[in-house]
Amino acid sequence: MQISENKYRLIAENTSDLICTTTFSSKPVYTYVSPSYKKLLGYEPDEMIGKNPFEFMHPDEREKITLLLKKNLRIKNKQSLNKKETEHFERYESQIKSKSGKWYYLENTANLIGDEILFISKDITESKHLEEKFASIYALTEATLNSIENGILVIDNKGKVLKNNAKFEELWHIPKEIIEHKENEKLIDFILDQIINPEQFKTKIKKLCNNPEIYSQDILNFKDGRIFERFSRPVFIKGTPSARLLSFRDITERKKTEKEIQKTQELLQQMNEKLEIKVKDRTSDIEKLLRQKDEFVNQLGHDLKNPLGPLIQLLPILKKDVPDEKSKGIIEILIRNVTHMKNLVTKTVQLAHLNSPSTTICSDNINLLNEIVMALENNSQSLIKQNITIINNIHENIMVKADEIYLIELFNNLINNAVKYSPNGSTITINAIDDEEFITTSIKDNGMGLTNAQISHIFDEFYKADSSRHDFESSGLGLPICKRIVDKQGGRIWAESEGLGKGSTFYFTLPSVKINK
Amino acid sequence: MKDTSKPKRIMMVDDKKDQCSSISIALNDKYGDDYIFISADSGKKCLLLLKESEELPDIIILDLMMPEMSGWEVFDKIRDNPDWRQIPIIFLTARTDRIAETAGEFFGNDFLQKPIGIEDLIKRIDKVLNKKK
């Protein structure tokens, strides 16, 4: 007995378990506490011995534990009376307050020994906290898993199902009992039965199980027409790919939309192509018509010129030969009209010719001053008649790239215009500026000037700035011809005027010739 | 400038008869006997006249656009004949034709745009004939 008591004492003194005895009465007190109590809770033995254990207990637990103890120990008491044996009853948990006021979780067993109760308790505070932490993580995971739109299935590396979310069951129409009974084989069969190519899927999953670190993704086609997208990634536990997460998403609608979009795009492209062909056809039609128009104008002009010849040649003779003034006056009117007609026909043909894409234009090195002088000579009669002074500032060395015949025509038209609209005794100033790439030539008169509205139209065919003037001098085609000529030679033509009565200046540019010698 | 000793012989080849007649009248009206005007209303007629005439024209005014034998063909025939080769030719065209202009410069001696003014015609003729001298 002595030896055995010593043995038990030694055990009690050295174990990390908490061992204590209390009296078995309505107001129990501690009769023994092991040294491990001090280690854990900080109380000296005499701070506990003689005290009521309920003082150290959590107030919420007192009643529950009292009832538990009473019930169990009473039964045990009866049993032990019969069997004379000590038997401990079910484990229970309780909380105990340390000296510093902190609560510890204990897992306890109680035994009735004689008239005392022996409690053996274990500190489970840490595991209790872990459990709480785990519970909260678990709850969070569950909530997350069940709120996402993807069906999630977690399997271990042997293909056994570890976890799935509700969406997974919903997507795969999995019967409740298969999930509840964790029937792995049935679940797999159920899944395989739904997809079009089960063997392929099986092989893939097998391959994934054999290569736990792989990330993969593919498309599953269902017998019922649905399409799932599958993602798969390893689940690492302490750095090892210990499980695999499969994520399924129903993309049937998306695929359908994609197909529709593609169809629409194809349709649009077809329409576009058709439209392009149509536009091309129309463009070529228009080009053909334009060519026909130019050809027609050219032909008409040509045909009109021939009968004009005799009129122009013979009317002056007739005028001279008729004796009376009245007839002379009539013939004078005829001559004026025939001359105008001749001008119109000549210019129209010229314009049609310039419009034609087949008209080629030379690009010779031309001395600008020579051409100006020639054009001035051509207009010398009207210059003298109107007593107009020419100030020609063009430098004799300026060379341009141009077609000589058209360049003279251009100058003729511009000088003719300047003279026509200049008052008697006024001045026409001609200048040329070399800005490296282009030569800008300007012809400035002190004539009737132009409004802004007129400036924007003077290069249009048959436009006359002064529409009330149906003078026979003007065909309304001179400036359009000038524009075509300048355009064809890669230049630009424009007019400036400060307003009516303030004169006008006409500018045009032509590519300059650089003499590199 | 005028060569008073001998009137100039001008041959005009144009299928438009009125053209020829009016030029003839205008020429006679303005310059009287200074010029002798011969007209041919086709290429064939022109060649025939050249072949048969005792005296060749001093200058030929040749319309390029004619039916059957075009002005170009007539031009080639004239230039191929060693007797006629020296006769200066002025092309006549109603078209604003770059080729005619160029051809006038290089092969013939000048070119004229229809409708022709009589003073202009004579100016050109004198220019060509003077150059020839």
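Answer yes if at least one residue in the range A:502-516 is surrounded by fewer than 18 Cβ atoms within 10 Å (Cβ to Cβ), at pLDDT 85 or above and farther than 17 Å from A:Ile455 by Cα, and no otherwise.
yes
Collect the residues in the range B:7-52 that are touching a strand residue (DSSP E or B) at 6+ places or on another chain (Cβ under 7 Å) and small (Gly, Ala, Ser), keeping them in residue-number order.
Scanning the range B:7-52 gives B:Ser24, B:Ser39, B:Ala40, B:Gly43.
Name the residues in the range A:287-322 that are facing chain B (nearest Cβ under 8 Å), of a type in the set (Val, Ile, Thr) and under 25 Å from A:Leu351 (Cα atoms), would you?
If the condition is that a residue be facing chain B (nearest Cβ under 8 Å), of a type in the set (Val, Ile, Thr) and under 25 Å from A:Leu351 (Cα atoms), then A:Ile312 is the only one that fits.
Can you name every residue in the range A:202-215 that is within 22 Å of A:Gly239 (Cα to Cα) and loosely packed, with under 15 Cβ neighbours inside 10 Å?
Result: A:Lys206, A:Lys207, A:Asn210, A:Asn211, A:Glu213, A:Ile214, A:Tyr215.
Filter the range A:237-275 down to the residues that are outside any helix (DSSP H, G or I), within 15 Å of A:Arg226 (Cβ to Cβ) and not acidic (Asp, Glu) and list them by number.
The answer is A:Phe248, A:Arg249, A:Ile251.
Each row is one residue, and each column tells you yes or no for (1) over 30 Å from A:Ile415 (Cβ atoms); (2) among the basic types (Lys, Arg); (3) in the same structural domain as A:Thr441 (by TED's automatic domain parsing); (4) out of contact with any Asp or Glu (no Cβ under 6 Å at 6 or more places or on another chain).
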position: A:Val279; (1), (2), (3), (4): yes, no, no, yes
position: A:Thr283; (1), (2), (3), (4): yes, no, no, yes
position: A:Leu290; (1), (2), (3), (4): yes, no, no, yes
position: A:Glu295; (1), (2), (3), (4): yes, no, no, yes
position: A:Lys320; (1), (2), (3), (4): yes, yes, no, yes
position: A:Arg336; (1), (2), (3), (4): no, yes, no, yes
position: A:Val345; (1), (2), (3), (4): no, no, no, yes
position: A:Asn370; (1), (2), (3), (4): no, no, yes, yes
position: A:Leu376; (1), (2), (3), (4): no, no, yes, yes
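I'd like to check which helices (runs of 4 or more DSSP H) are fully inside the range A:1-51 and have at least 1 residues that are among the aliphatic types (A, V, I, L, M), loosely packed, with under 13 Cβ neighbours inside 10 Å and without any contact (Cβ under 8 Å) to a residue 40 or more places away in the chain.
The qualifying helices (runs of 4 or more DSSP H) are A:2-14.
Tell me whether the range A:116-135 contains one or more residues that are of a type in the set (A, V, I, L, M) and surrounded by fewer than 13 Cβ atoms within 10 Å (Cβ to Cβ).
Yes: one or more hits.
Select from the range A:86-130 the residues that are more than 21 Å from A:Tyr37 (Cβ to Cβ) and at pLDDT 90 or above and list them in ascending order.
Initially, the range A:86-130 is screened for residues more than 21 Å from A:Tyr37 (Cβ to Cβ), giving A:86-87, A:89-90, A:114-115, A:130.
Listed by number, the list holds a single entry, A:Leu130.
Taking the options A:Lys263, A:Lys319, name whichever one is touching a residue at least 12 places away in the same chain (Cβ under 8 Å) and either charged (D, E, K, R) or surrounded by fewer than 12 Cβ atoms within 10 Å (Cβ to Cβ) (or both).
Result of the check over A:Lys263, A:Lys319: A:Lys319.
Looking only at the range B:107-131, filter to residues that are more than 14 Å from chain A (Cβ to nearest Cβ) and under 25 Å from A:His353 (Cα atoms); which one of those is modelled with the highest pLDDT?
B:Arg124
Here's the yes/no breakdown for (1) at pLDDT 90 or above; (2) among the aliphatic types (A, V, I, L, M); (3) outside the structural domain of A:Met341 (by TED's automatic domain parsing):
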{"site": "A:Phe411", "(1), (2), (3)": "yes, no, yes"}
{"site": "A:Asn416", "(1), (2), (3)": "no, no, yes"}
{"site": "A:Pro423", "(1), (2), (3)": "no, no, yes"}
{"site": "A:Thr440", "(1), (2), (3)": "yes, no, yes"}
{"site": "A:Ile443", "(1), (2), (3)": "yes, yes, yes"}
{"site": "A:Gly447", "(1), (2), (3)": "no, no, yes"}
{"site": "A:Asn452", "(1), (2), (3)": "no, no, yes"}
{"site": "A:Asp460", "(1), (2), (3)": "no, no, yes"}
{"site": "A:Gly476", "(1), (2), (3)": "no, no, yes"}
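For the range A:386-403, check the following and say yes or no: at least one residue is surrounded by 14 or more Cβ atoms within 10 Å (Cβ to Cβ), within 14 Å of chain B (Cβ to nearest Cβ) and touching a Ser or Thr at 6+ places or on another chain (Cβ under 8 Å).
yes
Identify, from the list A:Leu376, A:Leu407, A:Leu369, the residue that is surrounded by fewer than 19 Cβ atoms within 10 Å (Cβ to Cβ), in a helix (DSSP H, G or I) and within 60 Å of the chain's Cα centre (by Cα). Can you show your working first?
On the way: A:Leu376 fails: within 60 Å of the chain's Cα centre (by Cα); A:Leu407 fails: surrounded by fewer than 19 Cβ atoms within 10 Å (Cβ to Cβ).
The match here is A:Leu369.
If I ask for residues that are out of contact with any strand residue (DSSP E or B) (no Cβ under 6 Å at 6 or more places or on another chain) and polar (S, T, N, Q), which ones from the range A:102-140 would you list?
Selection gives A:Ser127, A:Ser136.
Of the conditions (1) within 59 Å of the chain's Cα centre (by Cα); (2) small (Gly, Ala, Ser); (3) loosely packed, with under 15 Cβ neighbours inside 10 Å, A:Ala352 satisfies every one except a single condition; which number is it?
Among (1) within 59 Å of the chain's Cα centre (by Cα); (2) small (Gly, Ala, Ser); (3) loosely packed, with under 15 Cβ neighbours inside 10 Å, A:Ala352 violates only (3).
Tally up the residues in the range B:1-58 that are crowded, with 18+ Cβ neighbours inside 10 Å and of a type in the set (Lys, Arg), please.
2
For the range B:91-105, check the following and say yes or no: at least one residue is within 14 Å of chain A (Cβ to nearest Cβ), in contact with a Lys or Arg (Cβ under 8 Å, 6 or more places away or on another chain) and modelled with pLDDT of 75 or more.
The answer is yes, given that some residue of the range B:91-105 is within 14 Å of chain A (Cβ to nearest Cβ), in contact with a Lys or Arg (Cβ under 8 Å, 6 or more places away or on another chain) and modelled with pLDDT of 75 or more.
Select from the range A:309-364 the residues that are under 30 Å from A:Asn397 (Cβ atoms) and either part of a helix (DSSP H, G or I) or modelled with pLDDT of 90 or more (or both) and list them in ascending order. Don't jump to the end; show me each part of the working.
Taking the range A:309-364 first, the residues under 30 Å from A:Asn397 (Cβ atoms) are A:354, A:360-364.
Of everything in the range A:309-364, just one residue is under 30 Å from A:Asn397 (Cβ atoms) and either part of a helix (DSSP H, G or I) or modelled with pLDDT of 90 or more (or both), namely A:Leu354.
The values are calculated or read from the model by the stated rules, or taken from the named source; none is laboratory data. Because the structure is a prediction, the values reported are computed rather than measured. Please note: Cβ atoms are built from the backbone with ideal geometry, for glycine as well, and neighbour counts cover all protein chains shown.
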